[in-house]
Structures are given as structure tokens and as C-alpha cells.
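Structure first, then comments.
Please treat every number below as a calculation from the coordinates, not as lab data. Everything quoted here is computed from the prediction, not taken from an experiment. When we count neighbours, we look across all protein chains shown, and the Cβ atoms used for this are built from the backbone with ideal geometry, even at glycine.
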Amino acid sequence: MGRNRELFFALVLFLLEAAHAGELRIDRDIAQNPQKYNLLFELNNTTLSIAPHGFSLAPGPNAGLTIRYLTVKPGQKWQSFRIRATNIFYRLQAGDGELILQGSIASGTQSHDISSHRAAAEGRMLVLLLFPAMPSNIVQEVVLDYTGRQSLIAYPNPFVVGKGQLHIDYDLEADAQLTLEIYDSSGRLVRKLRQNELVSAKTHSKETTLWDGRSDSGMALASGVYYIWLRVRYLRGDLPSYETSFRVVLIR
């Protein structure tokens, strides 16, 4: 009965993960290592400092932080924008400069539905500009939600070590060069599951890799938050390559 209960909740969680396409979260972890998420941080007369609860921007003349390459996979669409910060001006625009929204926040959280904007509906690349308004300012997190077909999921999540393995499913529509890695919450690479590996696509366009919760050296990893990072480079020129990540919780 207990085993069936675990399988039932694992199935429910898997279906929920598949139905909710996901979110792109810009927080302390991404600010420390934006390259891991294929983002470009451009600082203009600004010092970026990492804090336990977010990241801060030290203002100067025309100070600001521009975050580029906020993208979703074809078939996915931006839905909402949420920012939690103190003393920050913000501007969200499409990659070509078309304004989607802008505003300021003294303290707290603001949320905006951006699904009706043409740039969001098309799932185009977005650019976020943040401008510190006062010396005491901080960005706890920025969240961009999207819907549509999800390219990477992992289950069960949370993953309890010793009760099976973590299943990592991802889209593979054609033969591709594939990299799949696990990072801890500090941005440290702990496991290389696949490294620039040439993989032949299956007829159902989904590929699965298993993870046992251990590092490359075989060490049992501690309980906590881990990030699965996937990069797919298709060999066919007519298919867009993509990079994406997925957050999992490991319990030991």
C-alpha cells in the first residue's frame, strides 16, 4: 500500500510538472553564474554584489544592469512577470527594443500579466533593464513564467535518494550533440551525465537519463536544491538548438 501511495504521488507530481511549463527565475544563484543559464549580464557604471537574500546594485551616474538572452523554446509563450525588490526601476522589452512594460518598486512585490503582448505571445527573446533608485537597493528575485511544451523535466521531485533514481526527460527531435550536467545551489558542477555526446533521436522525440544522486566521484551528495542544465545542439540546420535548466530537490 505504501509503495503504491509513493507511485501515485510521483505520477501526480510528474503530470503537474508536465502541465506547468515552468519559470525563469533570476535570483542570487543566477546572478553568481549567469553563463550557466546562457544569460548575458551587462553592467553600466554599476557594481553587482551578491547577498544571502538576493543581489544589490550600487548606483552611479546612469547606473544600470541589463540582462539579455531571456528566451523560451519555440512553442512556448511568456505569461507573466514578477519582481520582488527594494528601490528599483525596471524595464522589460523585446530583443528588438519594443517596450513590454516598465515601472518602479519601492519595496515588496509587483506582478504583471504579459501574455497579451505581441512579443510575449510570440515567445521572443526578452531583455530586462534594472536601475537602482537609491544607495540601499536590492533585487530578491525576478520571475518570468511561461507556458507551452516543456523541454526538460525531472521526477520524482523532490527526489528521495534510496527510492529509485531521478528520471530526467528532455526533448530530442533529431540527432544532436548533447550536454547534461548537475549543479548545486552555489553553482558548482557536481555531475556530468553527458558531455558533448552525439545522441540519435528516438521515434517518440523524448530522451531519458537517470541520476542516482551522486557526484562524478561517486560521493553521496547532501540534501538540498540542485539544478539540471541541458544543452542540445541539433545536427540539422533547420532545427533550433536550445539550452534550459530545471530545479530539483534532493532528500537524503
**Prompt:** How big is the Kirkwood radius of the stretch 22-148, worked out from every pair of different alpha carbons and given in Å to one decimal?
**Reply:** 14.5 Å
**Phi to ³J(HN,Hα) by Karplus 6.51 cos²θ - 1.76 cosθ + 1.60 over the stretch 35-48, Hz, x for Gly, Pro** = 5, 4, 9, 6, 10, 10, 9, 10, 9, 10, 6, 9, 9, 9
**Asked** What list of ³J(HN,Hα) couplings, whole Hz, do you get for the stretch 185-196 from phi and the Karplus terms 6.51, -1.76, 1.60, once you set θ to phi - 60° and write x for glycine and proline?
**Response** 5, 8, x, 7, 6, 10, 8, 9, 7, 8, 10, 6
**Under the Karplus curve 6.51 cos²θ - 1.76 cosθ + 1.60, θ = phi - 60°, whole-Hz ³J(HN,Hα) for the stretch 239-247, x wherever Gly or Pro sits** = 10, x, 6, 8, 10, 7, 9, 8, 8
**Prompt:** Residues with amide H under 5 Å of Leu70's amide H, sequence separation 5 or more or different chain, H placed in the peptide plane at 1.01 Å from N; which?
**Reply:** Leu126
**Asked** Given the options Pro240, Pro158, Pro34, which has the most mean-square fluctuation in a GNM of the chain, springs set between C-alpha atoms less than 10 angstrom apart?
**Response** Pro240
**Request:** Using only C-alpha positions, report the orientation-averaged shadow area of the convex hull of the chain, nm², one decimal.
**Result:** 15.1 nm²
**Request:** Mind scanning Lys36/Lys77; Lys163/Lys202; Lys77/Lys192; Lys36/Lys163 and naming the pairs with a C-alpha gap bigger than 25 Å?
**Result:** Lys163/Lys202; Lys77/Lys192; Lys36/Lys163
**Prompt:** Which residues does a label at Asn62 reach in the stretch 129-170, if reach means a backbone N under 19 Å from a point 7 Å past the Cα toward the Cβ?
**Reply:** 129-134
**Request:** Could you please state, rounded to a whole Å, how far the C-alpha centre of the stretch 172-191 is from the C-alpha centre of the stretch 93-144?
**Result:** 28 Å
**Asked** Exposure proxy check: His53, His117 ranked by fewest other beta carbons within 10 Å?
**Response** His53, His117
**Amide hydrogen neighbours beyond the local backbone of Val190, cut-off 5 Å, H modeled** = Ile182, Tyr183, Asp184
**Request:** Assuming a ≥ b ≥ c are the square roots of the Cα gyration tensor eigenvalues, decide whether the stretch 152-251 counts as rounded (a/c under 1.5), prolate (otherwise, with a/b larger than b/c) or oblate.
**Result:** prolate
